[in-house]
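Asker: After the structure tokens below, expect a handful of questions from me.
No value in this document is a laboratory result; all are computed from the given coordinates. Every value quoted in this text rests on a predicted model; they were computed, and no experiment measured them. Please note: Cβ atoms are built from the backbone with ideal geometry, for glycine as well, and neighbour counts cover all protein chains shown.
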């Protein structure tokens with residue numbers, strides 16, 4: 001049932017039915033908490049973060065993403081970690097932490113741990129923010145991000161979240 005609620009929430013999110021998406025993610029979160037499904041909890045929190053982001057409730061989005069990322073790292077749920085890094089990058093752009101966002105997205109593009117969808121999302125976000133840096137600076141950040149390990153990227157994102165002001 002919790003998985004079905006997450007799927008319904010994802011559909012509502014894509015259709016910009018944010019109230020419905022939030023309600024489904026909340027219900028799913030409660031069910032996952034009852035059965036102590038950490039992967040489900042992290043996925044539901046990511047969804048709640050996405051809803052908050054779209055509602056421009058950036059502090060709430062940060063809190064949900066932080067909790068989801070912490071759980072995902074604890075259980076080594078790599079596909080979710082990658083997805084959360086993309087969400088975090090989008091949020092960090094809103095705070096002005098564009099360099100960390102670029103490093104993170106460069107990592108997502110380079111790592112074999114990213115699937116095609118994640119790479120496409122990362123590329124799209126990089127393209128949207130291309131005007132934020134001079135070409136040489138963009139290349140330097142991309143090169144740096146490509147050399148990072150997953151745990152290094154996670155630490156940088158967590159630190160950026162601590163410093164973020166909304």
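Asker: Given that just one value was derived from the coordinates, which of [x] 1.01; [y] 1.29; [z] 1.16 is Cα Rg over 2.2 N^0.38 Å?
Answerer: [x]
Asker: Report the Cα centroid-to-centroid distance between segment 102-161 and segment 5-57 in angstrom, as an integer.
Answerer: Result: 25 Å between the Cα centres.
Asker: Please give the calculated 222 nm ellipticity per residue for the chain, where each DSSP H segment of at least 4 residues contributes -39500 (n - 2.57) and the sum is spread over every residue; nearest 500 deg cm²/dmol?
Answerer: -26500 deg cm²/dmol
Asker: Answer rounded, prolate or oblate for segment 1-76, using the Cα gyration tensor with square roots of eigenvalues a ≥ b ≥ c: rounded when a/c is under 1.5, else prolate when a/b is larger than b/c, else oblate.
Answerer: oblate
Asker: If a/c stays under 1.5 just call it rounded; otherwise compare a/b with b/c (prolate if a/b is bigger, oblate if not). Do that for segment 125-166, with a ≥ b ≥ c from the square roots of the Cα gyration tensor eigenvalues.
Answerer: Cα axes put segment 125-166 in the oblate bin.
Asker: Same structure again: Return 95, 104 ranked ascending by Cβ neighbour count within 10 Å, so the fewest neighbours appear first.
Answerer: Ranking 95, 104 by Cβ neighbours within 10 Å, fewest first, gives 95, 104.
Asker: Please compute the length gained on full extension between residue 162 and residue 30, using 0.36 nm multiplied by the number of residues separating them and subtracting their Cα-Cα distance.
Answerer: 44.9 nm
Asker: Oh, and also: Using a ≥ b ≥ c from the Cα gyration tensor of segment 85-166 (square roots of the eigenvalues), is it rounded, prolate or oblate, where a/c under 1.5 gives rounded and otherwise the larger of a/b and b/c decides, a/b for prolate?
Answerer: Working: a/c = 1.37, a/b = 1.10, b/c = 1.24.
Since a/c stays below 1.5, the shape of segment 85-166 is classed as rounded.
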